[in-house]
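Down below is the structure, laid out as structure tokens.
Laboratory data are not the source of any read-out in this text; all were calculated from the coordinates shown. Remember, it's a predicted structure, so these values are computed and weren't measured experimentally. FYI the Cβ positions are ideal-geometry reconstructions off the backbone, even for glycines, and counts take in every protein chain you see.
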Amino acid sequence: MNEGQQSLLDFMRQESGKLASQTLTHIGLTFISLLIAVLIGLPLGILIARKRKLSGTVLGIAGVLQTIPSIALLGFLIPILGIGAKPAIFALLIYALLPIIRNTYTGITGVDATIKEAAKGMGMSSNQILFKVELPLAMPVILAGIRTATVINVGVATLASLIAAGGLGEFIFGGISLNNTNMILAGAIPAALLAIIFDFLLSRVQNINFKKMRTGIKVLPAVLLVLACFYFIPSAYAGKLIAGFTPEFMGRRDGDVGLRDKYGLKIHTVVISDAVMYKAAYEKHLDVISGYSTDGRLKAFDLIVLDDDKKIFPPYYAVPIVSAEALKKFPQLEGTLNMLAGKIDDSTMTDLNYKVDYLHQSPEKVAMDFLVAKGLYKQSRNGNAGTVRIGSKIFGEQYILASMYTMLIKGYTDLDVDTKTGLGGTQICFSALVNNQIDLYPEYTGTGLLVMLQVKPRVLDSLVLDKDKVYNYVRQEFKTKYDIQWLKPIGFNNTYALMMRKSEAKNLKIKTISDLKRYLESNK
Amino acid sequence: MIAVEKLNKHFGKVKAVDGISFKVKEGENLILLGTSGCGKTTTLKMINRLIEPDGGKITVNGKNITDQQPEELRRSIGYVLQNTGLFPHYTVAQNIAIVPQLLKWDKKRTDDRTRELMEKLHLSEDYLDVYPDKLSGGQQQRVGLARALMADPPVLLMDEPFGALDPVTRFSIRKEFKELDELKRKTIIMVTHDVQEAFELGDRICLMDKGHIMQAGTPAELLFHPANKFVKEFLNEQRLQLEFKAVKLDDIWDLLPSIKTRSAANAINCNCTVWETLEIITANKDNAIAATNPVNGEIKTITFTQLLSSFHQYQNNKHV
């Protein structure tokens with residue numbers, strides 16, 4: 001199963017069922033929100049064209065709403081509307097409103113004053129002027145607004161997949177997380193095609209002459225309504241418990257695929273962004289989520305990790321990895337770094353992460369408090385016998401570890417430390433290390449195995465995902481391939497995990513993933 | 001027919017119309033004449049309530065216009081605009097039928113009346129299903145006129161109806177306009193800044209400046225008995241031509257030499273203006289024309305020089 005050699009068409013053929021349902025959902029989401037946006041925006045546009053004093057306020061508010069970043073908007077909406085279709089439609093609606101209101105307003109106010117005066121002078125009432133003169137003459141401009149809104153909606157609807165509303169974003173974000181180009185394209189190409197097709201069709205409606213326009217205007221709402229109904233086609237079933245998995249988890253062998261293969265877990269699953277997933281679980285919109293076992297949010301949202309009793313999630317033990325050159329150059333370094341070995345277990349790390357991510361304490365303070373409590377802290381010697389460069393990826397746990405190493409090195413050796421935190425993702429950190437830009441950073445065994453070494457499934461099976469075997473394997477391979485040394489593990493395992501609310505897991509007596517499966521099967 | 005009393009309108013501090021009063025008799029053509037900003041258009045629009053006055057009273061046929069719904073009032077008053085104001089999304093036929101549609105006429109009545117007016121206004125029926133943008137400026141203005149005349153309203157308001165046309169089209173359409181029998185029966189108030197147009201078409205002229213009426217009267221009255229310096233100066237520039245247009249053969253009949261004519265076959269009516277008579281004479285080969293006075297049945301032959309000398313005499317008498 002080498003994905004690099006699989007062509008895009010193969011992928012699309014293989015996933016055609018998913019692709020079709022995502023496309024339908026996508027069209028549905030786009031047009032439900034568009035329909036509502038027209039129903040709200042058109043009258044509002046007419047209103048402000050009549051009462052010009054309101055126009056500044058209404059257009060201002062719509063403009064401000066438009067500038068809210070879409071992800072942030074979705075975040076705001078979750079506490080109010082939960083996850084799924086409702087907040088997605090609402091967010092899309094908000095983005096579609098401005099072009100519709102503005103173009104209705106511009107269209108109507110742009111109708112030649114002489115024509116309006118003539119209509120009035122003929123004895124038309126203001127409603128007759130609206131429906132017989134202003135709206136028909138403004139229609140090309142109004143349609144241009146609807147067209148803009150449609151294209152915006154097709155684009156923004158990809159984000160709906162982050163809050164469990166489905167759509168082509170599931171492939172796009174899954175593909176990005178998994179670095180799977182075929183998967184990204186399988187979502188991005190249909191989304192782009194949808195935008196082009198709808199834009200073209202609406203441009204045709206916009207440019208037809210006045211006579212045909214009348215029939216066009218009558219047909220359009222019906223077409224919108226039909227397209228809006230597409231949303232309801234794929235989501236025909238609902239289960240007792242709902243799982244929310246990240247796009248990345250959905251596509252991984254050691255994720256949803258493994259859960260189906262090894263556990264035979266069948267649960268109603270929605271795709272959702274990591275950023276909102278924990279909160280959604282806490283607020284009971286979701287029952288089971290995929291997450292990381294040392295995430296501070298576990299504690300913040302009162303969740304527990306289900307035991308992976310069949311071992312599908314590879315071990316991700318945190319280990320400082322150091323270039324062999326640096327170890328040679330600074331002989332005391334290895335011993336100093338290993339002072340942390342075995343000192344931090346899963347729950348301790350979760351707690352430390354919680355302090356940084358949720359209590360907003362600085363990573364330095366959290367690191368120092370921990371070292372002091374363990375009796376490891378020593379005042380800096382302000383030495384200048386050389387400088388060790390420590391890197392880290394950009395999340396709290398890595399900052400904390402980098403801080404601890406900094407304090408240990410400064411306290412126990414005469415070396416100085418230069419921290420290069422915030423090196424982005426795994427690839428950036430790793431190449432910085434390989435290219436001698438940094439001397440060390442904390443890495444995880446699973447990441448080394450799957451991302452850097454990209455081992456074949458055969459090797460994976462031979463390791464049976466045993467923590468020691470994996471550690472020994474990556475240690476050996478890194479030494480020979482990159483001349484990089486894996487020191488002793490710090491102790492905690494930041495791996496994938498399934499989580500549930502503590503209270504619910506207790507009520508349903510679910511402790512392991514197998515328990516969850518049994519519960520689902522017995523409650524069909 | 002139409003009486004305007006102490007009409008007032010101000011926009012902010014500017015008094016657009018300042019306490020004006022005038023009357024228009026049935027079948028009369030009243031011209032509101034003046035430079036831009038004199039308040040003539042504002043006055044016109046207050047009559048069909050496109051602008052509501054700040055003070056004063058307007059009655060049409062003895063009825064105060066504020067006693068009616070503005071829409072109903074407007075449907076009973078024809079309105080012709082400078083830039084036609086035709087609906088670009090309506091065909092010619094639909095444009096003409098706007099008021100009948102509002103009045104809920106049946107289709108046959110609308111169709112018959114449309115055809116009647118198209119013929120009277122020299123518009124081919126081929127244009128019925130055409131959109132206005134395919135018509136020339138003159139044709140558009142005719143359609144605008146047809147739309148205003150459609151429901152045969154007794155009163156017609158015209159806001160610089162020929163203002164957007166080129167001079168040649170303007171001249172010919174004005175001529176047609178004068179001869180149109182539909183218009184002869186109507187009480188018309190027309191706004192213009194064109195003095196020639198006012199003198200050609202107006203039974204009476206209301207010369208306005210800065211919201212006031214400077215003088216209201218027949219063209220001859222304005223020319224020969226100007227009420228003030230403003231009126232005199234306003235008309236000075238084109239005085240000779242205007243006098244030719246304002247004076248009718250009837251006015252100078254007694255000054256014309258009474259030469260008996262050979263035949264009265266092509267005789268013109270003494271209702272003609274001096275200007276019109278001059279035009280006919282110069283077009284004639286023998287430099288003369290016969291004219292009849294229907295009051296006493298007298299027929300006189302007029303030559304170019306005779307006409308001019310009589311006119312000159314009349315002029316001298318008037319100005320003294």
Next on the checklist: Just to be sure I understand the curve: with the Debye formula and one point per C-alpha of segment A:318-494, what is log10 I(q)/I(0) at q = 0.14 Å⁻¹?
Outcome noted: -0.73
Next on the checklist: Calculate log10 I(q)/I(0) of chain A for q = 0.11 Å⁻¹, where I(q) comes from the Debye formula with a single equal point scatterer on each Cα and nothing for solvent.
Outcome noted: -1.00
Item to check | Burial ordering of A:Thr67, A:Thr495, A:Thr109, A:Thr104, fewest other beta-carbon atoms within 10 Å first | outcome: A:Thr67, A:Thr109, A:Thr495, A:Thr104
Item to check | segment B:96-154: trypsin sites (Lys or Arg not before Pro) falling in loop per DSSP and having at most 13 other Cβ within 10 Å | outcome: B:Lys104
Checklist entry - Among all the aspartates and glutamates, which ones have a C-alpha under 18 Å from A:Lys266's C-alpha, if same-chain residues fewer than 8 places away are not counted? => result A:Asp254, A:Asp256, A:Asp287, A:Asp307, A:Asp308, A:Asp309, A:Asp515, A:Glu521
Checklist entry - If you average 1/r over every pair of different alpha-carbon atoms in segment B:46-190 and take one over that average, what Kirkwood value in Å do you get? => result 15.9
Checklist entry - If you take the C-alpha gyration tensor of segment B:126-239, multiply each eigenvalue by 5 and take the square root, what semi-axes do you get, largest first, in whole Å? => result 30, 16, 12
Next on the checklist: Relative contact order for segment B:248-319: what percent, with Cα pairs under 8 Å and sequence separation of 6 or more?
Outcome noted: 37
Next on the checklist: Test of understanding: ordering A:Phe200, B:Phe230 by Cβ neighbours within 10 Å, fewest first, what list do you get?
Outcome noted: A:Phe200, B:Phe230
Next on the checklist: Over 28 Å between Cα atoms: which of A:Lys328/A:Lys393; A:Lys240/A:Lys299; A:Lys284/A:Lys365; B:Lys57/B:Lys232; B:Lys63/B:Lys104; A:Lys299/A:Lys511 fall into that group?
Outcome noted: A:Lys284/A:Lys365; B:Lys57/B:Lys232
Item to check | Nonlocal amide H pairs with A:Tyr441, under 5 Å, H built at 1.01 Å | outcome: A:Ile321, A:Gly391
Next on the checklist: To make sure I understand the rule: partners must be aspartates and glutamates, Cα under 13 Å from the Cα of A:Lys469, and not fewer than 8 residues away in the same chain. Which ones qualify?
Outcome noted: A:Asp461, A:Glu477
Checklist entry - What's the average, rounded to a whole number, of partner chain beta-carbon atoms within 10 Å of each residue's beta-carbon in A:119-131? => result 6
Item to check | 10 Å beta-carbon shell around A:Tyr519, net charge (K/R +1, D/E -1) | outcome: +2
Checklist outcome for this item: Karplus-derived 3J(HN,Hα) from phi for segment A:279-295 (6.51 cos²θ - 1.76 cosθ + 1.60, θ = phi - 60°), whole Hz, x at Gly and Pro, runs 5, 4, 5, 4, 8, 6, 7, 10, 10, 10, 10, 9, x, 10, 5, 10, 5
Next on the checklist: Using the crude model of +1 on Lys and Arg Cβ and -1 on Asp and Glu Cβ, and no other charge, please compute the dipole size for segment A:3-232 relative to its Cα centre, in debye to 20.
Outcome noted: 1100
Checklist entry - Straight-line reach from A:Lys329: which aspartates and glutamates have Cα under 19 Å away, leaving out those fewer than 8 places along the same chain? => result A:Asp414, A:Asp416, A:Asp418, A:Asp439, A:Asp483
Checklist entry - So what is the diffusion coefficient of segment B:248-319 in µm² per second by Stokes-Einstein at 10 °C and 1.306 mPa s, using a Kirkwood Rh over Cα pairs? => result 131
Item to check | For q = 0.21 Å⁻¹, Debye-computed log10 I/I(0) when each Cα of segment B:127-166 counts as one equal scatterer | outcome: -0.73
Checklist entry - From the residues A:Gly155, A:Leu8, A:Leu42, which one has its Cα farthest along the dipole of segment A:3-232 in the positive direction, the dipole being from +1 and -1 charges on Cβ of Lys/Arg and Asp/Glu about the Cα centre? => result A:Leu42
Checklist entry - Relative to the longest principal Cα axis of chain A, at what angle does helix A:113-122 sit, 0 to 90 degrees, rounded to 10? => result 40
Checklist entry - From the backbone phi of segment A:71-77, what are the Karplus-calculated ³J(HN,Hα) couplings (6.51 cos²θ - 1.76 cosθ + 1.60, θ = phi - 60°) in whole Hz, Gly and Pro given as x? => result 5, 4, 4, 4, x, 4, 7
Checklist outcome for this item: Summed over the other residues with a beta carbon less than 14 angstrom from that of A:Lys328, with K and R at +1 and D and E at -1, the charge totals -2
Item to check | Within segment A:405-473, trypsin sites (Lys or Arg not before Pro) in DSSP loop having at most 11 other beta-carbon neighbours inside 10 Å | outcome: none
Next on the checklist: Under 5 Å between amide hydrogens, which residues at least 5 positions from A:Asp416 or on another chain qualify, with H placed 1.01 Å from N in the peptide plane?
Outcome noted: A:Ala385, A:Gly386, A:Thr387, A:Val388
Item to check | nm² value of the averaged projected area, convex hull over the Cα atoms of segment A:395-492 | outcome: 6.8
Checklist entry - What angle, in degrees between 0 and 90 and rounded to the nearest 10, separates the Cα long axis of helix A:513-522 from the longest principal axis of the Cα atoms of chain A? => result 40
Checklist entry - What ranking do A:340-352, A:7-19, B:75-87 get when scored by the average of other Cβ atoms within 10 Å per residue, highest first? => result B:75-87, A:340-352, A:7-19
Checklist entry - Hey, what number do you get for the protein assembly as shown at 222 nm if only DSSP H runs of n ≥ 4 count, each worth -39500 (n - 2.57), divided across all residues, to the nearest 500? => result -15500 deg cm²/dmol
Item to check | Among B:Lys186, B:Lys63, B:Lys229, residue whose mean-square fluctuation peaks in a GNM of chain B (springs only between Cα atoms under 10 Å) | outcome: B:Lys229
Item to check | Ascending count of other beta-carbon atoms within 10 Å, so fewest first, for A:Asp309, A:Asp295 | outcome: A:Asp309, A:Asp295
Checklist entry - Which whole number gives the average, over all residues in B:83-93, of C-beta atoms from other chains lying within 10 Å of the residue C-beta? => result 5
Next on the checklist: From the alpha carbon gyration tensor of segment B:2-244, can you work out the equivalent ellipsoid semi-axes (sqrt of 5 times each eigenvalue) and give them in Å, largest to smallest?
Outcome noted: 31, 22, 15
